[in-house]
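Here is the structure we will look at.
The values are calculated or read from the model by the stated rules, or taken from the named source; none is laboratory data. Quick caveat: nothing in here was measured; it's all calculated off a predicted structure. Note that each Cβ is placed from the backbone with ideal geometry, even for glycine, and that neighbours are counted across all protein chains shown. When the accessible area is computed, the model is the full protein with side chains, heavy atoms only, and any ligands, DNA or RNA have been set aside. Shrake-Rupley method; radii C 1.70, N 1.55, O 1.52, S 1.80 Å.
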Amino acid sequence: MTIDENKLHALVSMAVTDMSAGHGGLMIVIGNKLGLYKAMAGMGPMTSGDLAKRANCAERYVREWLNCQAAGGYVNYHAATQTYELSAEQAMLLAEESSPVFIPNAWEVGAALWHDEPKTIEAFRTGKGVAWGDHHERLYCGVAAFFRNGYAANLVPAWLPALDGVVPKLQKGAKVADIGCGHGHSTILMAQAFPQSTFWGFDSHAGSIEVARANAKKEGVADRVTFQVAKAGDYPVQDLDLVCFFDALHDMGHPDAALRQAKKSLAADGTVMLVEPFANDRVEDNLNPIGRMYYAGSAMLCCAHAISENGSHVLGAQAGEGRLAELAKASGLSQFRRATETPFNLILEAKH
């Protein structure tokens, strides 16, 4: 084989960039947990000593951390004064926990997956699955935090209004089920926005349901939100106006059974909302940074869990609208459309 030196150097450069990002991700997690970003937000240029004092950390470590941040473009360095500054945009990404683009907690998912590497290798070799509940505990908090802010920014103001006739029902008083609810953030957001409606959150992971119940109590909606351990194909509520699957259906080994149960539990004019990772129907159209991230998560989480359930389907995180439409229609949901989308999600509507 003839080696093209330019292509080789480009690949090496790409690999070094990826290694840099991996190391930098750990620094982002550390900066978040130590409050370093928050200590910089809105303060203007600071020396490493200034930041160390504000964050109650050791200056020599903080100096290296700041230089790492500056090298990655997450902090601005002023050479003339040897000071560091967090811009408003950087603060929105790294310091403001309520921001729709707050990113540090997402690295908890990667930390969990590194920890579970032996399980993934064994799964690859044997073809066996890895259940959601068998992963490191950092996974559940990381996933919940990663999706929570995006849901907060989009669910009530954009996604629900994109569904046909759903918001007026919620305002008047509707019955809603959130299937695969995890820590309950999506359920709670809807309950806060529509106090006349009643909500149920179901998940097969008992630990997540415990957290969801605590979250509902903390947010003051426990009187109209019920969280229960239940499988997606069997939950005890009927005549629902809205059944939601938030980034969950593709993880299930039997999504067809989940959709049949959704159809069975719907009121005559009810709606199913599928929020799924954004994906095009063809592999070649998903070969981009978002697709790369989702395919990786799919191999280690989504497919692994579906296989652990002896799944009839192993959709993966990049199922695409076409496959999901076929599945919904085969389950008896004859009306199917894309209601709206974001760079990270498809929001799909299905009805009888």
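Select from segment 307-352 the residues that are touching a His at 6+ places or on another chain (Cβ under 7 Å) and small (Gly, Ala, Ser) and write down the one among them that is nearest to residue 282 (Cα to Cα).
The residue in question is 319.
Scan segment 305-316 and report the pairs whose first residue is open to solvent by 30 Å² or more (accessible area, probe 1.4 Å) and whose second residue is part of a helix (DSSP H, G or I), with Cβ atoms within less than 7 Å and a gap of 6+ or a chain change.
312/256; 313/255; 313/256; 313/306; 314/303; 314/306; 314/307
Pairs under 9 Å by beta carbon, first residue free of Cβ contacts under 8 Å to residues at least 12 places away in the same chain and farther than 17 Å from residue 184 by Cβ in segment 227-240, partner open to solvent by less than 100 Å² (accessible area, probe 1.4 Å) and in a loop (DSSP other than H, G, I, E, B), six or more apart or different chains?
Partner pairs satisfying both residue conditions: 236/230.
Looking at (1) assigned to a helix (DSSP H, G or I); (2) open to solvent by 40 Å² or more (accessible area, probe 1.4 Å); (3) within 16 Å of residue 243 (Cα to Cα); (4) not hydrophobic (A, V, I, L, M, F, W, C), which one does residue 285 not meet, given that it meets all the others?
That leaves (3) as the condition not met.
Residues 44, 35, 49: which one is open to solvent by less than 50 Å² (accessible area, probe 1.4 Å) and under 28 Å from the mean Cα position of the chain (by Cα)?
35
Would segment 160-172 turn up any residue that is assigned to a helix (DSSP H, G or I), open to solvent by less than 20 Å² (accessible area, probe 1.4 Å) and under 23 Å from residue 277 (Cβ atoms)?
yes
So which residues in segment 56-81 are over 16 Å from residue 43 (Cβ atoms) and in a loop (DSSP other than H, G, I, E, B), if there are any at all?
58, 73, 79, 80
Might you check whether a residue that is among the aliphatic types (A, V, I, L, M) and touching a Pro at 6+ places or on another chain (Cβ under 9 Å) occurs anywhere in segment 277-290?
Yes: one or more hits.
Hey, which of the strands (runs of 3 or more DSSP E) in segment 184-262, taking only ones fully inside, have at least 1 residues that are of a type in the set (Asp, Glu) and at negative phi?
198-203, 240-246
Please count how many residues of segment 241-255 are under 13 Å from residue 309 (Cα atoms) and open to solvent by 10 Å² or more (accessible area, probe 1.4 Å).
Residues meeting the conditions: 3.
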